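Taking it in order: structure first as structure tokens, then the write-up.
The values are calculated or read from the model by the stated rules, or taken from the named source; none is laboratory data. Source: prediction; values computed, not measured. Positions of Cβ are backbone-derived with ideal geometry, glycine not excepted, and every protein chain shown enters the neighbour counts. What goes into the accessible areas is simple: the full protein's heavy atoms, side chains included, and nothing from ligands, DNA or RNA. Shrake-Rupley method; radii C 1.70, N 1.55, O 1.52, S 1.80 Å.
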Amino acid sequence: MTSPQGERSGIDWATPRGSVRGSVLLLSSLALLRLLIQFAGIQHYGWFRDELYYMACGEHLAWGYVDQPPLIALIAWLARHVFGNSMFAVRLLPALAGAAVVFLAGWIAREFGGGLFGQLIAALAMLFAPAYLAFDSFLSMNAFEPLFWTLCAWIVVRLVKGDAPALWLLFGAVAGIGLENKHTMLVFGFAIVAGLLIPDERRFLYSKWLWIGGAVALALFLPNVIWEARHGWPQIEVVRAGQEYKNYPVGPVRFFFEQILFLQPVELPVWLAGLVWFFVAPEGKRFRFFGWAYLIVMAIFIALHGKTYYPLPIYPILMSAGGLALEKFFFARQRRRWIAWAYGTVIVIAGVLSLPFGVPLLPVDTFIGYSQILPYSRTVKMERDATVALPQLYADMFGWDNMAATVARVYRHLPRQEQQSCAILAGNYGEAGAIDYYGPALGIPKAISGHNNYFLWGPRNYSGECAILFGENADRYARLFGEVQLVATITDRYAMPSEQEVHVYVCRQPSAPLAILWPNFKMMI
């Protein structure tokens with residue numbers, strides 16, 4: 001039952017489960033490799049747009065925000081206060097979360113009965129999945145969501161295998177914290193419960209511990225629900241506006257096609273084999289609810305016109321089952337075993353080739369040339385405002401420092417008596433976040449904006465008698481002032497189209513006090 005490599009090394013790659021020590025050593029090594037890859041690109045390019053916003057939210061800690069639950073702001077606050085204000089410090093926790101998912105994918109394959117080869121394939125698939133590499137490269141809710149889903153999946157696996165029913169309390173705790181990270185955790189929880197209704201594991205639904213665990217999740221989620229209710233359910237408004245004006249619409253076929261691209265096309269056999277294993281393999285029967293959960297998750301996000309990356313957190317569980325399924329197939333006969341190692345090699349080669357699309361490893365001009373040879377990034381389009389030179393992920397990392405520096409120069413050229421009362425009014429949260437992050441070193445005040453939660457923070461004490469207005473919709477907002485002077489134009493050839501040719505105005509004589517004009521600046525998207 002060993003490959004030639006296994007015979008020389010004394011490792012039996014196909015023995016079900018194998019030793020704990022062997023599994024921990026293998027999976028820890030792969031998780032560490034993933035971490036080193038993330039570290040290699042962790043400070044290249046610049047801050048991602050949303051990171052600047054999350055750090056600003058971290059300066060206004062609350063139980064909710066108009067476009068996300070509170071956890072990401074708390075993580076931003078903790079990272080900056082514990083690790084520091086650098087990119088490495090802020091991006092350390094997302095990188096660690098990604099490494100943990102690599103380990104868990106392999107460990108769940110072991111829980112299913114997979115040997116070291118099955119664990120290796122599952123962990124390798126998660127290690128080199130481009131979308132996961134991308135999301136773990138910067139501070140984002142999407143970096144932590146797969147960890148919460150995968151932890152919950154592992155807990156359910158342990159329950160199915162006979163662990164104490166009280167473990168549902170841990171499931172509820174993890175799910176509740178996951179809900180404070182991203183509301184799509186609700187979809188996963190619903191899909192798991194609905195999946196349990198279909199196969200033979202519905203016995204869990206009669207356990208009091210499952211419902212107590214649900215109560216724990218609700219209790220942890222309740223503060224955010226109360227915040228949403230008190231503020232008129234703004235998350236719904238933001239989601240609807242995004243679907244109508246921002247998100248790139250896709251049909252069911254395109255939706256599925258982008259799952260393949262996100263996870264690396266050569267890895268399609270792994271997660272498809274996992275899905276088949278849940279429904280077909282006799283030993284997969286008691287975990288069949290995971291297969292139904294996947295189909296339910298896909299159906300919900302397609303029906304609700306969700307973004308195509310929304311189902312990504314469920315794939316580690318499919319990769320885990322797929323690693324086992326391929327191990328069973330490849331090692332069933334001696335002559336197939338060389339194919340197993342060849343396929344593992346293909347995953348590694350394809351993963352290395354696509355690394356620059358998930359982690360900013362290359363100098364930007366080198367990457368642009370590379371993407372012309374291997375145009376992986378051009379196939380997936382998240383938003384209607386797309387850029388030609390770079391994929392959206394990287395384009396949103398350029399221009400922020402230059403933008404803040406330009407606004408600072410304009411601010412310093414104002415008469416000294418006017419500086420104290422002059423508002424810096426940004427068009428969107430990325431622009432405002434750039435001022436908030438770089439501003440202290442540049443000697444300029446915090447920004448105001450009508451975009452998302454910046455709108456709730458209001459105009460503060462600014463009257464609008466003097467305002468430096470710049471960014472998205474600045475040309476339109478300038479009409480609210482009687483005196484408008486164009487003083488600068490900000491551009492960056494690598495940035496998103498909305499951040500190229502950005503006009504900077506010095507505005508005076510508002511048509512009304514800024515507190516009265518404030519609703520005109522509202523942008524929830």
Heavy-atom accessible area of the stretch 16-149 with neighbours in place, 1.4 angstrom probe: carbon+sulfur share in percent works out to 72
Once fully extended, how much extra length lies between Gln485 and Val352, figured as 0.36 nm per residue of separation less the alpha-carbon to alpha-carbon distance?
42.8 nm
Limiting things to C-alpha atoms, what are the Rg and the maximum Cα-Cα separation (Dmax) for the stretch 372-525, in angstroms?
16.1, 55
Counting every C-alpha pair in the stretch 437-514, the percent lying more than 15 Å apart is 63
What is the distance, in nm, between label points placed 7 Å from the Cα along the Cα-to-Cβ direction at Ala389 and at Asn520?
3.4
With +1 on each Lys and Arg Cβ and -1 on each Asp and Glu Cβ, how big is the dipole of the chain about its Cα centre, in debye rounded to the nearest 20?
1360
Tell me, what is the FRET efficiency for Leu374 and Leu32 to the nearest 0.05, using R0 = 22 angstrom and their Cβ-Cβ distance as r?
0.25
Report, in cubic angstrom per residue, the convex hull volume of the C-alpha atoms of the stretch 74-198.
120
Which value, in Å², gives the accessible area per residue of the chain when a 1.4 Å probe is used on the protein heavy atoms?
40
Take the alpha carbon gyration tensor of the stretch 190-235, find the square roots of its eigenvalues, order them as a ≥ b ≥ c, and report rounded if a/c is under 1.5; if not, report prolate when a/b exceeds b/c, else oblate.
oblate
Over the chain, what is the mean sequence separation of C-alpha contacts under 8 Å (at least six apart), divided by residue count, expressed as relative contact order in percent?
17
Gap in Å between the Cα centre of the stretch 122-161 and the Cα centre of the stretch 23-50?
14
In whole angstrom, and with the biggest value first, how far do the Cα coordinates of the stretch 260-340 range along each principal axis?
47, 28, 14
If amide H atoms are built 1.01 Å from N in the plane of the peptide, which residues on other chains or at least 5 residues away come under 5 Å of the amide H of Ile424?
Ile448, Ile468
Paired Rg and Dmax values of the stretch 51-143, which use every Cα atom, in angstrom:
15.9, 48
If R₀ is 35 angstrom, what is the calculated FRET efficiency for the pair Gln243 and Ser19, using the beta carbon separation as r and rounding to 0.05?
0.10
Assuming 1.306 mPa s and 10 °C, estimate D for the chain with Stokes-Einstein, Rh taken as the Kirkwood radius over Cα pairs, in µm²/s.
65
Can you check what the Kirkwood hydrodynamic radius comes to for the stretch 25-85, Cα pairs only, in Å to one decimal?
13.4
What is the percent of Cα-Cα separations in the stretch 208-328 that go past 20 Å?
59
Between Phe88 and Val160, how high is the FRET efficiency from 1/(1 + (r/R0)^6) when r is the Cβ-Cβ distance and R₀ = 51 Å? Nearest 0.05.
0.80
Lys/Arg +1, Asp/Glu -1 at C-beta; the chain dipole; positive extreme among Leu120, Met524, Gly58:
Leu120
Give the distance, in whole Å, between the Cα centre of the stretch 311-380 and the Cα centre of the stretch 203-273.
25
Based on alpha-carbon atoms only, what is the radius of gyration of the stretch 148-207 relative to the globular estimate 2.2 N^0.38 Å?
1.07
With every protein chain in place, the stretch 308-465: carbon and sulfur % of accessible area (1.4 Å)
60
Strictly over 22 Å apart at the Cα level, which of Lys161/Lys285; Lys182/Lys307; Lys182/Lys208; Lys307/Lys446 would you flag in this model?
Lys182/Lys208; Lys307/Lys446
Of all accessible heavy-atom area on the stretch 473-515, the percent that carbon and sulfur account for (1.4 Å):
47
Cys residues of the chain with no disulfide-compatible partner (no other Cys Cβ under 4.7 Å) are Cys57, Cys152, Cys507
How fast does the stretch 164-244 diffuse by Stokes-Einstein, in µm²/s, taking the Kirkwood radius from C-alpha pairs at 20 °C and 1.002 mPa s?
154
